[in-house]
Amino acid sequence: MKKSSRLISVIFAVLTLSFLMAFSTSAANTQANLTLKASNVENGIQLTWNEIEGVRFYAIFRKEASEKSLYCIKTLTETKFTDENVIAGKRYGYRVFPVFPNSVIGTKSNDVHMYRLGTPKYNQPVNAYEGIRLTWSASAGAEGYYIFRKTATGNVWNYLGRTNAKTLTFTDKKVNANEIYSYSIRSYRGSDISHYNNLMNVSFLPTPKITKAVPNKDNITVSWNKAENAAFYMLFRRSASEKNFTLVKTLNANELTYVDKNVTQGTVYYYLVRSVSETRQISGIESKATSCLFMSVSPITSATNVSNGVKLVWTKVNGAHGYVVYRRETSSTTWKCVLKVKGVSTLTATDKTAANGKEYVYVTRGYYNNVQGPFDLNGYKMLYLAPVQNLKVESKGSSGNYLTWTANKSATKYLVFRKTDKTSWQALGYTTKNSALDKTAKEGTVYTYTIRAFYNTSYCSAACATANSNGIDPKGKMVALTYDDGPSNSVTNDILDILQKYKGKATFFVVGSRISSSYQPMQRAVKMGCEIGNHTYSHIDLPSYYYDDIRYEIDTTNSLVKKYTGVTPKIVRAPGGSTDSYSRQAVNMPFIYWSIDTRDWESRSASSVISIVKSSVEDGDIILMHDIYDSTAEASETIIPWLVNQGYQLVTVSELMQYRGIKMQNAVSYSNAYR
Ligand code: ZN
């Protein structure tokens, strides 16, 4: 039978399809349908069909996509055939004929078409952080791959997804640690699918997650979450300068922390933990290792009370991203974070939330990412004392300067300091009251004072805002009112009355010839702190006179002022503002001009003078008026309170120049002290 069927197969092999078609109807009426099926198996394309009664053998025909005709490739009596002579990625068409005794050819089967697809070869699946990772090698002819899964107890293969031809990996993320899975990966092309090899009994071993890595004084302590099904854990580490992780320690399933003492200050370490199951499966790793800088303690080296809080200075922590400052009240055990400072090199900051009179313990810690370094529990003890407020100085004439300030309720005593523009700060002494009398102050000298509050001898506040003995705020607005051609017993006194009422000062450029009959208001002006300037003896036009005459005019006036007030004028104003270089050299004193000319001598109108001042005054102005007209005294009654109300300090010309840092020189002219 085998010999004869081989013979007939040879005959069939040379028959054409048309020949078969012509003879194929001979047994048609009695034959059942021949249903052909094809599928990819391990070693080729397998064909199966139903058995036909009375058949002698079956003839299998095949055609490749590129061929025009079907060829007989095999005759056989079985109902199953595997075509091993196939090339992966090629498509084949098949048809089967039943052949009855006497070479009667039955009705053909249906045609089937099938791509030859190889079976994917799997690698051992691995536990990844996200789930079970499957990998396989490429299967020739595949357009892509289907992934199926079933549980050990289930019967149904569930479709999980598919990949393209180039993607030879798939991670099953919907896994849990207590289930055992089987996987099947099949290549596909069009609607055709490869044979399968099942991956049986794969289980998922979750990755332990590191919860923290904390730097302590002599170690880094690493902790992680318990991972299901772990028989033990492996802790890996690398330092920032190392490329690869190395195994540090293997730990039992009940150990969830490790104290790493093999660490160096200023070094960043990265940690990973993997779990290992009883069957020696190994878990995946976290996508990002947990980093930790081994930080030193950062002791505070100094704490100082400054105007707005407690200024702290501490020690550098190598490698830190910055620092956090904690404080607690000495009476409490609760720490409070009060400052966060960015940058490893910033080693100072001021705690502006400290309360006056409260004693605190401060500590600083380096931080790296969100982890803070160790600290010295003893900390740095500091009591915040706010600076003294509202220091005021009042001149008591020959008795000295009287100082008052607002008491700091937490201070036990105060230390008073004083300086002049020629001397540096000098401590005058302690007081327990919130006032002091500086008996050593000399009349005519301007002193600047400041106070420091003390708590016992341990703590000292910052210096307070300074106050001058002349009551001037050096940073404030100021103008110099100047009055020429006096003194005048009536008008000068009227003006001094107004100045006295508003605590203002002015400069009077006096005419020497008027002094012997009107010295009283000049003396009063000096006692009030006003300045006397020289306006020549007989109000001369300086450029019209010779040297000796000019000297006489200046010297006589200076002597008279000195005689009646004890003070020699330091500045001069040329009558009519008229000078030349010769006369300036002859006078050899600073010449004071003006920046606002009220023209009071011309208008003799108070309202005109007021209007000119109000519309043009600026910080640093020198205003020209004359204390010989009643209209000028009347204007001053309005101008002086108005200027004070506008925030102007009424100062003498010399004070104006001094506070604006202008050092006047002889024979040089000055007309304002703008900033
Ligand atoms: Zn004049």
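The values are calculated or read from the model by the stated rules, or taken from the named source; none is laboratory data. Note that this is a predicted model, so its numbers are computed, not measured. With ideal geometry, Cβ positions are generated from the backbone for all residues, glycine too; neighbour counts draw on all protein chains shown.
Things worth noting here:
- Total residues in region 185-206, condition part of a loop (DSSP other than H, G, I, E, B), touching a residue at least 60 places away in the same chain (Cβ under 8 Å) and farther than 16 Å from Val126 by Cα: 5
- Residue in region 550-570 that is of a type in the set (A, V, I, L, M, F, W, C), modelled with pLDDT of 95 or more and over 23 Å from Tyr670 (Cα atoms) present: yes
- Residue among Ile612, Ile622, Ile628 that alone is touching a residue at least 12 places away in the same chain (Cβ under 8 Å), closer than 26 Å to Asn493 by Cα and part of a loop (DSSP other than H, G, I, E, B): Ile628
Each row is one residue, and each column tells you yes or no for (1) among the acidic types (Asp, Glu); (2) away from the ligand (no atom under 16 Å from the Cβ); (3) in contact with a Leu (Cβ under 6 Å, 6 or more places away or on another chain); (4) closer than 22 Å to Ala635 by Cα.
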site: Asp494; (1), (2), (3), (4): yes, yes, no, yes
site: Ile498; (1), (2), (3), (4): no, yes, no, yes
site: Gly504; (1), (2), (3), (4): no, yes, yes, yes
site: Ser517; (1), (2), (3), (4): no, yes, no, no
site: Gln523; (1), (2), (3), (4): no, yes, no, no
site: Ile532; (1), (2), (3), (4): no, no, no, yes
site: Asp541; (1), (2), (3), (4): yes, no, no, no
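- If you go through region 631-658 and keep only what is of a type in the set (D, E, K, R) and closer than 22 Å to Ser469 by Cα, you end up with just Glu655.
- Qualifying residue in region 176-184 (condition: exposed (fewer than 13 other Cβ atoms within 10 Å of the Cβ), free of Cβ contacts under 8 Å to residues at least 60 places away in the same chain and in a loop (DSSP other than H, G, I, E, B)): yes
- Within region 551-577, considering residues that are more than 10 Å from Gly533 (Cα to Cα) and within 16 Å of the ligand (Cβ to nearest atom), the one surrounded by the most Cβ atoms within 10 Å (Cβ to Cβ): Glu553
- Which listed residue, of Pro474, Pro487, is in contact (Cβ under 8 Å) with a residue 60 or more places away in the chain, out of contact with any Gly (no Cβ under 6 Å at 6 or more places or on another chain), outside any helix (DSSP H, G or I) and away from the ligand (no atom under 16 Å from the Cβ): Pro474
- Residue list for region 636-675, filter: in a helix (DSSP H, G or I) and either of a type in the set (A, V, I, L, M) or in contact with a Cys (Cβ under 8 Å, 6 or more places away or on another chain) (or both): Ile639, Ile640, Leu643, Val644, Val653, Leu656, Met657
The rows are residues; the columns are (1) within 55 Å of the chain's Cα centre (by Cα); (2) within 17 Å of Ser636 (Cβ to Cβ).
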| position | (1), (2) |
| --- | --- |
| Ser578 | no, no |
| Arg584 | no, no |
| Met589 | no, no |
| Ile592 | yes, no |
| Ser595 | yes, no |
| Asp600 | no, yes |
| Ala606 | no, yes |
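- Only one of the numbered conditions (1) touching a strand residue (DSSP E or B) at 6+ places or on another chain (Cβ under 9 Å); (2) not assigned by TED's automatic domain parsing to the domain that holds Ile87 is violated by Asn155, and that is (1).
- All positions within region 499-521 that are aromatic (Phe, Trp, Tyr) and either more than 20 Å from Asp473 (Cβ to Cβ) or assigned to a helix (DSSP H, G or I) (or both): Phe508, Phe509, Tyr519
- Pairs linking a residue in region 344-365 that is on the phi > 0 side of the Ramachandran plot to a residue that is surrounded by 20 or more Cβ atoms within 10 Å (Cβ to Cβ), with Cβ atoms under 9 Å and 6 or more positions apart or on different chains, are Gly357/Leu383; Gly357/Tyr384; Gly357/Leu385; Gly357/Ala386; Gly357/Asn408; Gly357/Ala411.
- Selection count, region 131-148, where residues are more than 19 Å from Asn198 (Cβ to Cβ) and either modelled with pLDDT under 90 or among the polar types (S, T, N, Q) (or both): 2
- Criterion (of a type in the set (D, E, K, R) and over 24 Å from Ala667 (Cβ atoms)) met by exactly one of Asp541, Asp497: Asp497
- Among the residues listed as Asn408, Asn489, the single one being in the same structural domain as Asp597 (by TED's automatic domain parsing) and either surrounded by fewer than 19 Cβ atoms within 10 Å (Cβ to Cβ) or more than 30 Å from Leu560 (Cβ to Cβ) (or both): Asn489
Residues are listed down the side, and each one gets a yes or a no for (1) within 42 Å of the chain's Cα centre (by Cα); (2) of a type in the set (A, V, I, L, M); (3) farther than 30 Å from Asn43 by Cβ:
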{"residue": "Pro206", "(1), (2), (3)": "yes, no, yes"}
{"residue": "Lys217", "(1), (2), (3)": "yes, no, yes"}
{"residue": "Thr246", "(1), (2), (3)": "yes, no, yes"}
{"residue": "Ala253", "(1), (2), (3)": "yes, yes, yes"}
{"residue": "Asp260", "(1), (2), (3)": "yes, no, yes"}
{"residue": "Thr279", "(1), (2), (3)": "no, no, yes"}
{"residue": "Ile285", "(1), (2), (3)": "yes, yes, yes"}
{"residue": "Lys288", "(1), (2), (3)": "yes, no, yes"}
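- You will find that of Thr466, Thr431, Thr450, Thr482, the residue that is within 16 Å of the ligand (Cβ to nearest atom) and among the polar types (S, T, N, Q) is Thr482 and no other.
- The residue list Asp619, Asp597, Asp630, Asp580 contains one member that is within 16 Å of the ligand (Cβ to nearest atom) and in the same structural domain as Tyr519 (by TED's automatic domain parsing), which is Asp597.
- Residue list for region 63-79, restricted to those being over 18 Å from Gly106 (Cα atoms) and of a type in the set (D, E, K, R): Lys63, Glu64, Glu67, Lys68
- Unmet criterion (only one of (1) more than 18 Å from Thr35 (Cβ to Cβ); (2) without any contact (Cβ under 8 Å) to a residue 60 or more places away in the chain) for Gly89: (2)
- Yes/no for Ala606 being touching a strand residue (DSSP E or B) at 6+ places or on another chain (Cβ under 9 Å) and either of a type in the set (Phe, Trp, Tyr) or buried (at least 18 other Cβ atoms within 10 Å of the Cβ) (or both): no
- Cβ pairs under 9 Å, 6+ apart, first in region 507-529 and under 18 Å from Val651 (Cα atoms) and among the basic types (Lys, Arg), second modelled with pLDDT of 95 or more and within 16 Å of the ligand (Cβ to nearest atom): Arg524/Thr492
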